[in-house]
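Following: one structure in structure tokens, then a few remarks.
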Amino acid sequence: MTNTAKARWQELDRAHHLHPFTDFHDLAERGTRVITGAHHIYIRDADAREYLDGMSGLWCCNLGYSRGEIIDAVARQLRELPFYNNFFQCAHPPSIELARVLAELAPAHMNHVFFTNSGSEGNDTVVRMVRRYWDLREKPSKRWIISRANAYHGSTIAGASLGGMGFMHRQFDVLPWVTHIRQPYWYGEGAGMSREEFGLEAARALEAKIGELGADNVAAFIAEPIQGAGGVIIPPETYWPEVRRILAKYDILLAMDEVICGFGRTGKWFGATHYGLEPDLITFAKGVTNGYQPLGGVLVGERVARVLTTGGGEFGHGFTYSGHPASCAAGLATLAILRAENVLDHVERVAAPHLARRWAGLAEHPLVGEARTLGLFGALELVKDKRTRERFQPSGRAGMVCRQASLDHGLVMRATGDSMIIAPPLICTTAEIDLLVERAHKALDQAERELRGV
Ligand code: PXG
């Protein structure tokens, strides 16, 4: 692409396009990075520079960018039946077939699925289902939903209320029956405690909140198995078993937001399986179609499904594109590849152990306070002083500097505050993981020179 073509894209973009989650002033100053193509695990920008995509698009292109089978399946479906709805006692083969496959892959007690177009709509659906469930069980006082600080559950009003992002909450009115407890972020908040102790303490914040609200008023707890956008927060091993105990004790539903964890990121089909949990609801999106088509939804466990399907009356909820045939075709093709190529096995036996070993080496770097991984998630905590965990000031600058350094070295690595995060495609080979880590290392060196002025 010529420089004039790139300049024209940038100019038109600035003139007309309001981007999601973007400071428009900053964007106008720095200019848009225009991405023009991609193959395998690499993206290409308008300057024809290639980057190893350490973020799988936006946590979704788990099989990379070159899966012709998914593209062909979508095209075939568009020719066969480009649209029909799933309302009013209708359905079509792709939505029916995808529901069957998802029920097969989900934990054994989950046999039903509701389709949406995104993770945010999935979490709105969770809210609607939870409310309907307790109403049908004649416990209408159970209305509060407990979530966690620094969670991300999407950007509709319900999704953003459930999420625990303060900067989002300040821009609208959070729904009044949503409340947040602390997150299980040991490195950031557990100084002076062992991981295990801290995990228990963070879980017990849930019990304290239930006590404060009254168990008869609490409908559900919603959480990501591992927080993604919040900075790849991997809870201590003590956390989830304690949460499970508390929810069972007080008869409160567990809704797991698996929009990022689902479909192999941890090496299992779901984060719930990784942690041995039996959630009542699972929100999914992103990786279900490898990001090639918009699709999300909610997997529903027997306990809720039985009440919804036998309780009588209409569930007044749905979207025109709930179970769109082309999206479902993309989902079927994606899940077929994940199965046929034993991708989860590759993650569990090859890629994740290799990433864990190589990523741990980055902890030696003077800028890195902690290097953690689970499955194909990775995070680095950038610190000024490794011993005291002191951060650079102003907060967030180190992350931005390292993010730019990473791009300079041909790697897409995200910054969340001063944590650097990766979630590379699940199909990464060990050599590609080596390349990713090598580039991350160079980025850290460059960021250190800049941050310490040496
Ligand atoms: N839940 C989780 C756990 C997510 O990560 C959503 C819900 C919402 O999905 P939709 O499809 O409505 O976007 C997400 C989305 C980031 C980032 O900064 C992460 C997401 C979206 C945008 C940015 O890492 N995750």
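The values are calculated or read from the model by the stated rules, or taken from the named source; none is laboratory data. In this text, all values refer to a predicted model and were calculated from it rather than measured experimentally. So basically every Cβ, Gly included, is an ideal-geometry build from the backbone, and we count neighbours across all protein chains shown. Accessible surface is based on the protein model in full, side chains and every heavy atom, while ligands, DNA and RNA are left aside. Shrake-Rupley method; radii C 1.70, N 1.55, O 1.52, S 1.80 Å.
What to note about this one:
- Options L295, L253: the member that is more than 16 Å from the ligand (Cβ to nearest atom), touching a residue at least 12 places away in the same chain (Cβ under 8 Å) and open to solvent by less than 10 Å² (accessible area, probe 1.4 Å): L253
- Within the stretch 35-72, considering residues that are under 20 Å from the mean Cα position of the chain (by Cα) and of a type in the set (G, A, S), the one most open to solvent (accessible area, probe 1.4 Å): G57
- Long-range neighbours under 7 Å by Cβ, at least six apart or interchain, first residue acidic (D, E) within the stretch 108-132, second not in a helix (DSSP H, G or I): E121/T156; E121/G296; E121/F319; D124/T156
- When we screen A202, A191 for residues that are touching a residue at least 24 places away in the same chain (Cβ under 8 Å), more than 17 Å from A255 (Cα to Cα) and either outside the structural domain of E138 (by TED's automatic domain parsing) or surrounded by 17 or more Cβ atoms within 10 Å (Cβ to Cβ) (or both), the only hit is A202.
- Which listed residue, of P279, P294, P236, is more than 16 Å from the chain's Cα centre (by Cα), under 19 Å from E121 (Cα atoms) and in a loop (DSSP other than H, G, I, E, B): P279
- Only a single item in (1) in a loop (DSSP other than H, G, I, E, B); (2) modelled with pLDDT under 95; (3) more than 16 Å from the ligand (Cβ to nearest atom) is not met by Y84, and it is number (2).
- Number of positions in the stretch 103-120 that are open to solvent by less than 70 Å² (accessible area, probe 1.4 Å) and either out of contact with any helix residue (DSSP H, G or I) (no Cβ under 8 Å at 6 or more places or on another chain) or of a type in the set (K, R) (or both): 3
- Tally of residues being more than 20 Å from A38 (Cβ to Cβ) and open to solvent by less than 10 Å² (accessible area, probe 1.4 Å) across the stretch 422-439: 1
- Those residues of the stretch 14-34 which are crowded, with 16+ Cβ neighbours inside 10 Å and assigned to a helix (DSSP H, G or I), in sequence order: L27
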